[in-house]
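Working notes, beginning with the structure itself.
The values are calculated or read from the model by the stated rules, or taken from the named source; none is laboratory data. Treat the numbers as computed from the prediction; the structure is a model and nothing was measured. Neighbour counts are summed over all protein chains in view; Cβ atoms, including those assigned to glycine, are modelled from backbone coordinates with ideal geometry.
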């Protein structure tokens with residue numbers, strides 16, 4: 001898709017990826033189709049089920065559609081990957097061991113917080129938008145949220161919202177936030193258990209034990225491992241000059257006194273070439 005450039009294409013592509021419902025997905029895909037039919041065909045050939053939130057499962061509490069986690073990890077170990085194998089693994093082990101300890105300590109500092117600070121920050125941003133929506137009660141813990149011509153149904157009992165953002169992310173969207181506020185309840189109580197402080201600490205409860213250095217290792221009678229044999233790496237073949245027949249017949253000392261003095265090989269000695277000196281006098 002790199003050949004389809006421009007801000008308009010880029011914006012529409014990200015809209016397609018961020019669409020949480022099939023209706024929004026089809027709407028943005030049709031906009032791309034009107035702009036460039038070839039781009040639409042290529043997107044459909046790549047199976048959009050793996051690149052759009054509209055097709056994601058709703059029981060994961062994760063709506064990430066980028067590979068930021070792997071890119072971040074590869075960036076951290078970039079220097080280690082240039083080291084020999086054992087050194088590389090040792091540096092990665094130290095990094096992971098240190099990170100597990102830091103994350104575990106971070107969770108202990110949160111104290112009485114029920115959810116991650118990052119989730120609380122997202123809820124505070126959603127709170128700034130909830131005043132624009134109108135709440136229409138429909139039944140027990142059921143509401144219809146309206147803003148202009150847009151409307152979404154919310155069922156707090158089933159923990160569902162028509163926009164599917166709540167089911168995908170695991171924390172209340174703006175529609176759910178407004179519904180919860182209408183009941184004078186705490187939105188943090190409707191956050192997925194995956195984002196609780198207890199779950200965070202449980203994820204980092206295991207640690208990597210420290211290793212001793214080679215100076216305290218015991219000698220064993222096993223055969224010591226040898227490094228792999230050196231082999232010639234693939235490269236372009238060397239181009240060698242074809243020697244003349246007389247050069248191939250010459251053996252033994254291939255330098256005259258004049259050649260040695262000036263650092264010139266016998267095949268390049270101009271004195272011999274023009275017959276100024278005789279080769280037999282130096283044999």
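Could you check how many residues of region 57-67 are under 13 Å from residue 15 (Cβ atoms) and at pLDDT 85 or above?
0
I need a count of the residues in region 126-155 that are surrounded by fewer than 20 Cβ atoms within 10 Å (Cβ to Cβ) and within 21 Å of residue 63 (Cα to Cα).
Residues in region 126-155 being surrounded by fewer than 20 Cβ atoms within 10 Å (Cβ to Cβ) and within 21 Å of residue 63 (Cα to Cα): 5 in total.
Matching residues to (1) in contact (Cβ under 8 Å) with a residue 60 or more places away in the chain; (2) within 30 Å of residue 227 (Cβ to Cβ); (3) touching a helix residue (DSSP H, G or I) at 6+ places or on another chain (Cβ under 9 Å):
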| site | (1), (2), (3) |
| --- | --- |
| 51 | no, no, yes |
| 57 | no, no, yes |
| 88 | no, yes, yes |
| 94 | no, yes, no |
| 123 | yes, no, yes |
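As an exercise: evaluate residue 104 against (1) in contact with a strand residue (DSSP E or B) (Cβ under 8 Å, 6 or more places away or on another chain); (2) surrounded by 15 or more Cβ atoms within 10 Å (Cβ to Cβ) and give the number of the one condition it does not meet.
The failed condition is (1).
Only helices (runs of 4 or more DSSP H) wholly contained in region 1-56 count here; list those with 3 or more residues that are modelled with pLDDT under 85 and under 22 Å from the mean Cα position of the chain (by Cα).
In region 1-56, there are no helices (runs of 4 or more DSSP H) which contain 3 or more residues that are modelled with pLDDT under 85 and under 22 Å from the mean Cα position of the chain (by Cα).
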